[in-house]
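These notes are about the structure you will find just below.
Just so it is clear, none of the values below were taken in a lab; they were calculated from the coordinates. Computed from a predicted structure; not experimentally measured. With ideal geometry, Cβ positions are generated from the backbone for all residues, glycine too; neighbour counts draw on all protein chains shown.
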Amino acid sequence: MGVSLQDINRTVSGEIHLADVNLEFESGSRNVILGRTLAGKTSLLRIMAGLDRPTKGRILIDGRDVTGVSVRKRSVAMVYQLFINYPSLTVYQNIASPLKTSGIPKSEIDRKVRDIAGMLRIDDLLDRLPAELSGGQQQRTAIARAMVKNAELLLMDEPLVNLDYKLREELRVELQDIFSRRQAIVVYTTTEPTEALLLGGNITVLDEGRILQSGTTQAVYRNPATVKVAEVFSDPPINFLGGRIQKRTAVFGQDIRVPLEGDMRNLPDGDYTFGIRSNHFFLSKNGPTDAQIQAQVELAEINGSETFIHFHHAGDRLVAQEDGIHPYRIGSAVTLYVSPGCLFVFDPEDNLVAAPSVDRIHAKAV
Amino acid sequence: MARIELNEIAHSYHPNPADESDYALKRIQYVWEDGGAYALLGPSGCGKTTLLNIISGLLIPTRGKVLYDGIDVTGLPPEKRNIAQVFQFPVLYDTMSVFNNLAFPLRNRGVESGEVDRRVREVADILDLTPYLNKRAEGLAADAKQKISLGRGLVRSDVAAILFDEPLTVIDPHLKWNLRRKLKDIHEQLKLTFIYVTHDQVEALTFADKVVVMYEGEIVQIGSPQDLFDNPEHTFVGYFIGSPGMNFLDCTLEGNVARCNGARIPLDDGVAAKGRNAQGKIELGIRPIHLQVSSVAVDGGVPANVKMVEDQGSYRLVNLTLDGKTLRARVPESEPIPEDQAWLVFPLEWTRLFADGRLIK
Amino acid sequence: MKIQKRTIALCVYFGVLILPIYWMLNMSLRTNADILGYFALYPKDPTFANYIKIFTDPTWYTAYINAMIYVGMNTVMSLAFALPAAYAFSRYKFIGDGQMFFWLLTNRMAPPAVFLLPYLQLYSTINLMDTHMAVALAHCLFNVPLAIWILEGFMSGIPKEIDETAFIDGYSFPRFFITIFIPLIRAGVGVTAFFCFMFSWVELLFARTLTITEAKPIVATMTRTISATGLDWGLLAAAGVLTIVPGGLVIWFVRNHLAKGFALGRV
Amino acid sequence: MEKWPNNKAWFLVLPAFIIVAFSGIIPLMTVVNYSIQDIFGPGEAVFVGTEWFKEMLGNHRLHDALWRQFMFSGLVLLIEIPLGILIALAMPKRGWGVSASLVILALPLVIPWNVIGTIWIIFTRPDIGLFGVGINSLDLLEVPFDHTAKPIYAWITLLAMEVWHWTPLVALLAYAGLRAIPEAYFQAAKIDGASAWATFLYIQLPKMRGVLTIAVLLRWMDSFLIYAEPFALTGGGPGNTTTFLSIYLVKLATMQFDLGPAAAFSLIYFLIVLLFSFAFYQALLNVGRGEKA
């Protein structure tokens, strides 16, 4: 089975929610739609589910036009941000509800419900009402209900966003495992780059209703086509510094000079924007050509297992990342290093012209 | 400004608590030093909000005493304790202007109007609220509203401590950073005692100099963020701090070696000696970031199988199986990952032993 | 101390609230001669004669039953018509929705006296005069809009993602509405039923005008008895007491939803 | 919450529309019909245009009734709203007292409106009523109390009855509004050292704005439409001093059979009510908007 979106547009009272969206989803594929809040992710899912109709464009399933087909007649399942369950039904009845409308024998329903409940580890909660469950358990119930009927299209709209981070971490890993056992096309929206990376598969980066880039998740992460994609697909935010290339040397910030390596040596002189991911600012010198930046810590943000060091340089707000948890006082001085192999280079039109090659990053360690 | 002392505090919501399990808080003993930035961190239901309400005076504990600068205030209501509190969602006087909102606590205490004006402007300046002073509070964005709530605490020159109850819950993610920074700045500037309740490790670890981790009504560890990460004193802290959390393996000790099923993991002599004397269930713990993965057999390496690799961009999470147990290792972007067979090295200085959940030390 | 003062004030108020009702109860337990004979704070010689008369005289007790019938009919009708309409207002945007909603509410605010004459004519024309249906139908004028208003408030509190989930799960609309949605707003339906009951039960003008004998309710019987029997205070009081009983019972059943109900689901 | 645009929703509204239209629009048409004709008997009518409207608009008895009506509704609001708020504030917040208070409060609301009249006749009569006998035994009044004796007595009795009957509704609404205020507001007020009065003024009153608007709207409308209670209690007397709009209209229509003028009057009456409903409805919508912003 395959789903194809052709020229999808959606405008609601003059506001453009989606513009010229063309996408193909293959059977059994895992797809992430990444974008900030209001980028049009939910609109896209709702159109795919058949809950909303596109203003313009068609949706084909296996080559058949289903644009106007009612949601009841489609083989879809959806999980929302909010924990949506039928409050008056028990967990068991909730999970069984999509099967009851399809006329499957009772014993078969029972088997399927217990199966999926086991997979999501809510098999001991089947007699409870949703209101008696924790947020995590409620969302597990909603996911179980979406999974139980083996829909061909499984849509998940930021399903983990309202959970505590520990629960989010656990469910993410479990979901990945569960998805891999399914034949359905999974479409999963998120605002979080780390979540997108973890789920892998294909990614579509959406911004203001338009597709900025699609491809395999790793390829897009390594080669963001534009400044905007790099921005959306980085957490903490990727650092941008305006500058120029002069005689095979990148010059940016307060006179930071980095001699270019490899293919980048072929770039013509001129103005460029340089992008450096936060984890590519190093606290120690790795190579003889590394450039050095002196900075004052503005805030050290501690995110689980990393420390994000926020600092200012030449009027830009930058972030560096250090593994582990380390105390930094506001205002203390740090020295950071930039390696030539870790630069993203964008032309004045904000399009990517060179990216660090994975080989080069790996080679550095040896 | 005050030093807050919790003396043998316990609290139960049952009228006649029978046993341990009826208590939402079990015997808390702690001193909050004047001018500290504290965070109370724990999952929902761990008792952190109960503890906060006992400090603020909204709840009277079943047992124990609360002392402010040595004076017993256990029975005093919040208004007599000189504390300020910022709630989960912004609590404002909708019909008043921002200025009047900020002035409200001072006017209620009969401060003369010149002084009120001076204090309000000072605080508005610190919080970047000056342009809004004459606007009605109702129409402002959530982050500005939350700053007003904080401002109502800051205007009072006599305030002993400011308590925060998950104050960033309703703030847009991209604005949280600004507010966190602001809080940190204000603390540096004013040196007030801040107590910050949250279930979010990022907020707690970023904000606080000292983090109090709570679990099932008990304080399981108090320490600096780095302490909690490097030296968790309880398996819960190991699990809760860091993403992903610590790896734990059930094991038995044989001399200086921990046996986990078939695998033999060498330990530090001192740790192993103490471990042999400990009672209860023994677990070995190591953080994914400290677990080293090698593609060739190395001295002291434990063979394991690579099951799955999750590429996180700046690093990879490698899921390995070691005699049926799953372990996770965090490998930097620049390091290679073995295809199938791997050898795990447990660095002695980062390998911890826990007995019944508590660190053996 | 402050709390005590408040409580005392509240108790005094409740005393005042109960007093007139108590006085009627007092009267109902005395005979007319007794009432007119001397003044007493409580019945010195309580008698159930008035109640016995009401329960044995068919003009009284059928009037009581009549009222029950049309109130019940009206409550069921109001709910049946209001539920789908309220759903439409809470979920959909459609041409003229705002105007429709306002128009419906204006009917709640129309003076019943305005409609009195045309009703006489209308119901005579369609041969509904003096039937339970006539009163039940007439009361729909204010009860259906009210029910829509209250139910819409309750329904808007239910996230519409629930509806969508049900449609994705393959439920047809009627099946979803009956098996999933209505149970979700149970409290709202209860409160709405209470209000419909209440307004239909207390209404006098339509009930009196549209009935002659067959469907005449107790409220109308009472107004006519004042002139007919030359003011039998005891009997009147007993009838009055009996009209309070059903309302009291209904309040008791919905007491837990009362506070929210009176805010019409809009708090 | 964003609503789904779908004109098929009309099918769900249609049954309700039909039944209300049957009771609301058809009779209204009849009224309009009457109002522009002079009816002598069945099938004998002459078109008279706006004559009845002119006549009614110039009718001093209508003016008097309208004036009385405004006076009465205004007084009712002035007494019931503050009193209702006070009661709501005094009510318990938890425990068995909540249910008990709610049940007692709701009791007057389920009593048929003419029985309310009966109750108050029995209660205030100078011969058998507790209030009547009680007040006269104090011997304070020049003319002994009897609600039919002096217009002022009739008014006091009517107002007392109205306040007795409907203040509970205001109190219940206000109570529901109060209970919806999150506890954190009161905690913050305590911490800020606010007095009870300041808490009321800056937290409780603003947060009750929505329900209080509903209360004002309902009380204004219903007191404007009042019929059964004064009809049972005073029948519009003594003289015409308690003849409100509804009572006058019913008198006009059923006792004098002046169908044309009565119909014209009905429409004027309806328009007045509509005008106010609309104003209140707009106010209500604005309140809702204000809370969301």
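Taking the longest Cα principal axis of chain C as reference, the axis of helix C:112-125 is set at about 80 degrees.
Using 0.36 nm times the number of residues separating A:Arg265 and A:Asn150, minus their current alpha carbon distance, what extension gain do you get? Could the numbers behind the result be given before it?
Values: separation 115, 0.36 × 115 = 41.40 nm, distance 5.23 nm.
In short, 36.2 nm is gained.
Taking segment B:245-359 on its own, what percent of its Cα-Cα pair distances exceed 23 Å? For segment B:245-359, the share of Cα pairs beyond 23 Å comes to 26 percent. Calculated on the alpha-carbon coordinates, the convex hull of chain B measures out at 164 cubic angstrom per residue. Angle of helix C:132-156 to the longest C-alpha principal axis of chain C, folded into 0 to 90 degrees and rounded to 10: 50°. Give me the one-decimal nm value for the distance between modelled label points at D:Arg94 and C:Arg186, 7 Å along each residue's Cα-to-Cβ direction. So the two model labels end up 2.4 nm from each other.
Taking label positions 7 Å along the Cα-Cβ direction at both B:Ala355 and D:Asn33, the computed distance is 9.9 nm, reported to one decimal.
For B:Lys80, the aspartates and glutamates whose Cα comes closer than 13 Å to its Cα, not counting residues fewer than 8 places off in the same chain, are B:Asp72, B:Asp158, D:Asp192. Here's the picture: a label point sits 7 Å out from the Cα of B:Arg264 along the beta-carbon direction, and within segment B:274-300 the residues with their amide nitrogen under 16 Å of it are B:298-300. Among B:Asn319, B:Phe248, B:Ala304, flag the residue with its Cα farthest along the positive direction of the charge dipole of segment B:245-359, charges on Cβ as +1 for Lys/Arg and -1 for Asp/Glu. So the residue furthest toward the plus end is B:Phe248. Over 34 Å, how big is the tail of the calculated P(r) for chain A, in percent of all Cα pairs? Of all Cα-Cα distances in chain A, 38 percent exceed 34 Å.
Each listed q (0.11, 0.16 Å⁻¹) maps to a log10 I(q)/I(0) for segment A:65-142 from the Debye sum over equal C-alpha point scatterers, namely -0.31, -0.63. Taking the Cα centre of the protein assembly as shown as reference, the dipole from Cβ charges on Lys and Arg (+1) and Asp and Glu (-1) amounts to some 1580 debye. With the radius of gyration and the Kirkwood radius both derived from the Cα set of chain C, what is their ratio Rg to Rh? For chain C, the value is 1.05. Reachable lysines from C:Lys5, Cα under 20 Å, same-chain residues fewer than 8 places away excluded? Within the straight-line limit of under 20 Å, C:Lys5 reaches these lysines: D:Lys93. Of all lysines in the structure, the ones whose alpha carbon falls short of 21 Å from that of B:Lys145, not counting any fewer than 8 places away in one chain, are B:Lys135, B:Lys176, B:Lys182, B:Lys184, D:Lys190, D:Lys207, D:Lys292. Bridges between two residues of the protein assembly as shown, per DSSP, are antiparallel at a rate of about 75%.
Of the beta bridges in segment A:2-226, as assigned by DSSP with both residues counted there, near 55 percent are antiparallel. Between the beta carbons of D:Leu271 and D:Ala198, assuming R0 = 30 Å, the FRET efficiency works out to 0.10 to the nearest 0.05. Taking chain C as a Gaussian network of alpha-carbon nodes connected by springs under 10 Å, the highest mean-square fluctuation of the residues C:Ala136, C:Ala49, C:Ala237 belongs to C:Ala49.
Angle between the Cα long axis of helix A:106-119 and the longest principal axis of chain A, 0 to 90 degrees, nearest 10? Rounded to the nearest ten degrees, it is 20.
At 4 °C and a viscosity of 1.567 mPa s, what translational diffusion coefficient does Stokes-Einstein give for segment B:288-335, taking Rh as the Kirkwood radius over Cα pairs? Give it in µm²/s as a whole number.
Working: Rh = 11.1 Å.
After rounding, the answer is 117 µm²/s.
Okay, which of segment A:176-194 sit inside 15 Å, backbone N to the point 7 Å along the Cα-Cβ direction of A:Asp123? No residue qualifies, since no backbone N sits under 15 Å from the label point. Only helices enter the 222 nm calculation for chain C: every DSSP H run of n ≥ 4 contributes -39,500 (n - 2.57), and dividing by all residues gives -24500 deg cm²/dmol, rounded to 500. Once both labels are positioned 7 Å from their Cα atoms along Cα-to-Cβ, the gap between B:Lys65 and B:Gln341 label points is 6.8 nm.
Subtracting the Cα-Cα distance of A:Gln81 and A:Thr216 from their residue separation scaled by 0.36 nm leaves 46.1 nm.
Could you tell me what a quarter of the Cα convex hull surface of segment A:236-365 works out to, in nm² with one decimal place?
Numbers: hull surface 31.0 nm².
Its average projected convex-hull area is 7.7 nm².
Segment B:289-361 and segment A:170-232 have their alpha-carbon centroids 26 Å apart.
Distance from the alpha carbon centroid of segment D:63-103 to that of segment A:100-140 works out to 50 angstrom. Annotation note: trypsin sites (Lys or Arg not before Pro) in segment A:153-212 located in DSSP loop regions with a Cβ neighbour count of at most 10 within 10 Å are A:Arg181.
Cα centroid separation, segment C:75-122 to segment A:1-53: 40 Å.
In chain D, which helices (entire DSSP H runs) extend 15 Å or more along their own long axis, judged by Cα positions, while averaging at least 0.5 on the Kyte-Doolittle scale? Kindly include the intermediate steps, with their values, before the conclusion.
Working: long enough: D:10-35 (34 Å, 1.87); D:60-90 (45 Å, 1.15); D:96-106 (16 Å, 1.93); D:113-124 (17 Å, 1.49); D:151-179 (41 Å, 1.02); D:209-224 (22 Å, 0.97); D:259-292 (48 Å, 1.21).
Going by DSSP H runs, the hits are D:10-35, D:60-90, D:96-106, D:113-124, D:151-179, D:209-224, D:259-292.
Provide the FRET efficiency to the nearest 0.05 for the B:Leu190-A:Asp115 pair, computing r from the beta carbons and using R0 = 51 Å.
Numbers: r = 58 Å, r/R0 = 1.14.
E between B:Leu190 and A:Asp115, to the nearest 0.05, is 0.30.
Averaged over every viewing direction, what's the projected area of the C-alpha convex hull for the protein assembly as shown? Give it in nm², one decimal, please. With the hull built on Cα positions only, its mean projection is 61.1 nm². Taking the Cβ-Cβ separation of B:Lys281 and B:Glu254 as r and a Förster radius of 22 Å, what is the calculated FRET efficiency to the nearest 0.05? So, using R0 = 22 Å, E works out to roughly 0.85.
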